[in-house]
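Presented below is the structure to which this report refers.
The values are calculated or read from the model by the stated rules, or taken from the named source; none is laboratory data. Everything quoted here is computed from the prediction, not taken from an experiment. Counting neighbours? That spans all protein chains shown, and the Cβs are built from the backbone with ideal geometry, glycine included.
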Amino acid sequence: MKLTRKQWMMLTVLVFGAFVTVLNQTLVTPALPSIMEEMSVDQSTAQWLTTGFTLVNAIMIPITAFLQDRFSTRRLFVFSMGMFALGTLLAAVGLNFPVLLGGRLVQAAGAGILMPVTMTVLMLVFPVDRRGSAMGIFGLVIAFAPAIGPTVAGFVIDQADWHILFYIIFGLSLVIIAASLFLVDDKAPANKGDSVLDPLSLVLSTLGFGLMLYGFSALGSAGLTLVPLLTTAVGIVGVVWFFVRQTRLPHPMLRVDVLKNRRFLVGTIIGMLVQGALLAAGILMPIYIQSLHGLSATVSGLVLMPGAILMGVMNPIAGKWFDRHGPRRMAIVGMTLLTLTTFAFALLNTETSIVYLTVVYTIRMFSMTLVNMPITTWGMNALDNKVMNHGTSVNNTLRQVAGSLGTAIIIAVSTQVQNIASPSFGAVEGTMLGINAAFLVCTVLCLVGLVMTIALVKDKPGEEAAVDEGNTRKSLLMAIMKTDVYSLHQDATVEEAMRLFVEKNISAAPIVDESGEPVGFISDGDILKRLSPRSNSFTDPIVLINRTVMDDEGYAEKLAKVMQMRASEIGVGNPICVSVHADLTNVCRVLAENHLKKVPVLEDGHIVGVINRSDITQYSMAAYLSEHPGRAVFCGDEPSGQMEAVVECDCEKKCAEERAERAARAGRPAEQSGTTRPEGREG
């Protein structure tokens, strides 16, 4: 299925909005020293500009699923971008630290709504077989922000001051809002009214996630003290209460029951582990480069830049690999590289060269592209479109929590090891050991993700991971579809279509362009509709033809006119297709939801087969019978002398009872075995 120009423009606006919000996050960290100096605040206070943003962002995500069920995409997008722009303006003015922090929190509220909205639209607009590519493009744009953010921020701060950064973001936000008013659909949500805003759920999600993430952050800096522990415990209780309550409400604010889907749950857990590992390196590497090597923040940004750029470039390529080969091999290779490179960081010392550091970090970011978006897409594909918005909200919420939890654990481990080692080995060596220990913990998390990937991630549920001669994954759909594909050129006439139908004994054919990509679909039913009387509609082609022959308008004249028309004029444009790697569940859903008998099967955008409902039915019946084998046995029948064949199964006792009843009525003894023939009778 090809997207229309308007759909591409809408997606461009949505993705650019997400890019600006991510860019905004990466601009703040380099500006912290300048903000601390200008507003006379210490590091722990200034850090709340990033920690507070994360807290509010995570709190808003569960509410987003409810908002998506109540408001159209355009209204929700404009509202979230408007809130983000307002917060950016407050931060740009930044008369004092409370105003700056307040602006950041308002920014986070808007960004927390915008990201799940964008992901949901991507998953709904693109068909299943192209979602990997769509998420790859999305990942490219999002990864580009952290690649250029620190460098741009450093340059602007050196030339002017940090206020200019927020004014630039504010200007970009206004442009996006203006474009969205014209390019983003105002279509009502499909599940409008399904979700209800439960006040207690709102309080539990806000306080639960807020206190839990605050507690994790506090544990990372203050250690295992009473207040952080108590705050974390209360937050966890609130979150658990929130999740349990959602499962009991008739109209939950967040459909946490999506986690009952095993594939989605596995994808979410692996994504959480990857997210924690990703944020860990982002925090530890600048500390290592600046504190132990004594290099500037600019050099630190340059060390990280190649990896960020490679990650951005590889995301769309990984998306195409996912659509073609599935997630398993990619994820295994990616998690293996991620585990090895993270362990390499656990072996760093004060003499490690910057070149080595850059190369290992770049390979590590490459491994992320093979895991992050493919695994997320694989898990999301398991959900029904009706709960896709809840799936994105749950996924984003848990990834945010994982990022904060991972950061807290890593900082806590690094700090505690540093405090223990510094008195004996000195401050430099103590810091180095702390960083090594933190990366060792990250390695363990990555190893857990690798084991889960090997054991639980499959290319497609219910399909065997077979490969053909070209080492390309061979799907179950490929094994049962019809590969003799007869197509029509987009300029072909209806007469040519009819000749093809008659010669090849088929009832429909796809219409393709010069490159062989499908642009339409025509069936004998489409032709018959053009020949039928307009006053009636018929579902039986034979009745339709009979009535057409008796049409007063003249069958011959109408037939001649229709035969000269282009097939694309009376066929269906933008045909519904499925990927050659789609599982049968999704194929059945496509056929049922669109009331189709057959659909073209695509590989790399080209038609490689056609799947019929009858193909799936025949395969399903054969597969079921092969898994439930039975053998013919004979049961004695009425005195007529006829024999009855039945399948021997668990109900053999019941069959014996029935035979006894029949024998009693016939005045003869019952057979002792279902395979014993009565005397004097031939089987």
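A few notes on this one:
- Taken over the range 48-97, the criterion of being more than 22 Å from ASP185 (Cβ to Cβ) and outside any helix (DSSP H, G or I) is satisfied by GLY94, LEU95, ASN96.
- THR12 being polar (S, T, N, Q), at negative phi and either in the same structural domain as PHE521 (by TED's automatic domain parsing) or modelled with pLDDT under 80 (or both): no
- Residue within the range 243-253 that is crowded, with 21+ Cβ neighbours inside 10 Å and either out of contact with any Ser or Thr (no Cβ under 9 Å at 6 or more places or on another chain) or farther than 28 Å from THR206 by Cα (or both) present: no
- Within the range 292-312, residues that are farther than 12 Å from ARG364 by Cα reach partners that are among the hydroxyl-bearing types (Ser, Thr, Tyr) with beta carbons closer than 7 Å, at six or more positions or on different chains, in the pairs LEU292/THR350; LEU292/THR431; GLY301/THR151; VAL303/THR358; VAL303/TYR361; MET305/THR151.
- Qualifying position, being more than 16 Å from ILE63 (Cα to Cα) and not in a helix (DSSP H, G or I), among LEU230, LEU254, LEU259, LEU224: LEU224
The rows are residues; the columns are (1) under 27 Å from the mean Cα position of the chain (by Cα); (2) closer than 21 Å to LEU55 by Cα; (3) modelled with pLDDT under 85.
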site: VAL184; (1), (2), (3): yes, no, yes
site: LEU200; (1), (2), (3): no, yes, no
site: LEU213; (1), (2), (3): yes, yes, yes
site: GLY223; (1), (2), (3): no, yes, yes
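- For the range 296-316, taking the residues that are under 20 Å from LEU23 (Cβ atoms) and of a type in the set (S, T, N, Q), the one that is surrounded by the most Cβ atoms within 10 Å (Cβ to Cβ) is identified as ASN315.
- Condition check for GLY319: in contact with a Gly (Cβ under 9 Å, 6 or more places away or on another chain) and buried (at least 17 other Cβ atoms within 10 Å of the Cβ): yes
- THR336 being part of a loop (DSSP other than H, G, I, E, B) and more than 18 Å from the chain's Cα centre (by Cα): no
- Candidate set: the range 353-363, residues that are within 30 Å of GLY271 (Cβ to Cβ) and not aliphatic (A, V, I, L, M); chosen: the one surrounded by the fewest Cβ atoms within 10 Å (Cβ to Cβ): TYR356
Conditions (1) under 27 Å from the mean Cα position of the chain (by Cα); (2) surrounded by 23 or more Cβ atoms within 10 Å (Cβ to Cβ), marked per residue:
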| residue | (1), (2) |
| --- | --- |
| MET365 | yes, yes |
| ASP384 | yes, no |
| ILE410 | no, yes |
| SER414 | no, yes |
| ASN419 | no, no |
